[in-house]
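Comments concern the structure below.
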Amino acid sequence: MNDSLVIIPTYNERENAELIIRKVFSLPKLFDVLIIDDGSPDGTADVVRGLQHEFQGRLHLEERRGKLGLGTAYIHGFRWALRHGYGYIFEMDADFSHNPDDLIRLYEACAVEGHDMAIGSRYITGVNVVNWPMDRVLMSWFASAYVRFVTGMPIMDATAGFKCYTARVLSAILENKIRFVGYAFQIEMKWLAFKYGFLIKEVPIIFTDRTRGASKMSKGIFKEALLGVVQMKVDSWFRRFPQRGEIVAAAAPASTAATPARETR
């Protein structure tokens, strides 16, 4: 069985769906793909179903009724991935803003270097964003700076949505109730991984804004994220987070993780 699953949520991504699926399957490393479609009225799910016979056993489709939010789509996909025994689970957008070639670098950061989570980071080596207007670049960069200030979490790209998780990280995180469904969800997942003491690496990527389809981003989404950060920080004062060593020990002897290289704490 393949060890890696790429989860791609879709809503009205008919123009991109086949292209992104074929690109992922063209990579030299084998990845399976799970599309989670929220009832796209443009027929995105039909495109995916039409490809399943060609990529039998590797292309999976989960359809939901209505637009239920990015966070719930990923949580649905994470639980699906854990049930099916995948060791490395990826988040990626359907619109090519995330370069599928970088999936291999994220995989190697976890599978070879021994990190528990790898983040495709736009800001770890400067500002690596193409085709965004300046106001959106500034909004995104300052949002991450704000998250670092409030939480003390040393992650340069706190709102990044291009990530690789090990199954161990997701199993621990999903024991929590994930509150947020928009881009605050991306911050909350990193926050929980950080509080559990998991080993996190930011892998530099170049983020290119979509050329097909419509963006789902809005200032309201960022507002939700910024307000949610304070709530997450305050709530953390009143609970204990088991640490990575405890989680690994509890899972032994099943754990076969590589020796960690560097920890972001």
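The values are calculated or read from the model by the stated rules, or taken from the named source; none is laboratory data. In this text, all values refer to a predicted model and were calculated from it rather than measured experimentally. With ideal geometry, Cβ positions are generated from the backbone for all residues, glycine too; neighbour counts draw on all protein chains shown. When the accessible area is computed, the model is the full protein with side chains, heavy atoms only, and any ligands, DNA or RNA have been set aside. Shrake-Rupley method; radii C 1.70, N 1.55, O 1.52, S 1.80 Å.
See the values below:
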quantity	calculated
Selection count, region 115-148, where residues are over 13 Å from TRP191 (Cα atoms) and in contact with a helix residue (DSSP H, G or I) (Cβ under 9 Å, 6 or more places away or on another chain)	13
Helices (runs of 4 or more DSSP H) within region 1-110 that include 3 or more residues within 23 Å of THR208 (Cα to Cα), of a type outside the set (Ser, Thr, Tyr) and open to solvent by 40 Å² or more (accessible area, probe 1.4 Å)	14-25
Residues that are among the acidic types (Asp, Glu) and open to solvent by less than 40 Å² (accessible area, probe 1.4 Å), drawn from region 111-133	ASP116
Failed criterion for ALA143 (all others in (1) within 17 Å of HIS115 (Cα to Cα); (2) part of a helix (DSSP H, G or I); (3) open to solvent by less than 20 Å² (accessible area, probe 1.4 Å); (4) of a type in the set (Gly, Ala, Ser) hold)	(1)
Selection status of ARG136, among the basic types (Lys, Arg), over 29 Å from ALA251 (Cβ atoms) and either open to solvent by 10 Å² or more (accessible area, probe 1.4 Å) or assigned to a loop (DSSP other than H, G, I, E, B) (or both)	yes
Members of region 55-93 that are in contact with a His (Cβ under 7 Å, 6 or more places away or on another chain) and touching a residue at least 60 places away in the same chain (Cβ under 8 Å)	MET92
Qualifying positions in region 133-166 - touching a strand residue (DSSP E or B) at 6+ places or on another chain (Cβ under 7 Å) and either among the small types (Gly, Ala, Ser) or touching a residue at least 40 places away in the same chain (Cβ under 8 Å) (or both)	ILE155, MET156, ASP157, ALA160, GLY161, PHE162, LYS163, CYS164, TYR165, THR166
Given (1) in a helix (DSSP H, G or I); (2) of a type in the set (D, E, K, R); (3) open to solvent by less than 40 Å² (accessible area, probe 1.4 Å); (4) over 22 Å from LEU68 (Cα atoms), index of the condition LYS190 fails	(4)
Tally, over region 123-142, of residues that are in contact with a Pro (Cβ under 8 Å, 6 or more places away or on another chain) and not aliphatic (A, V, I, L, M)	2
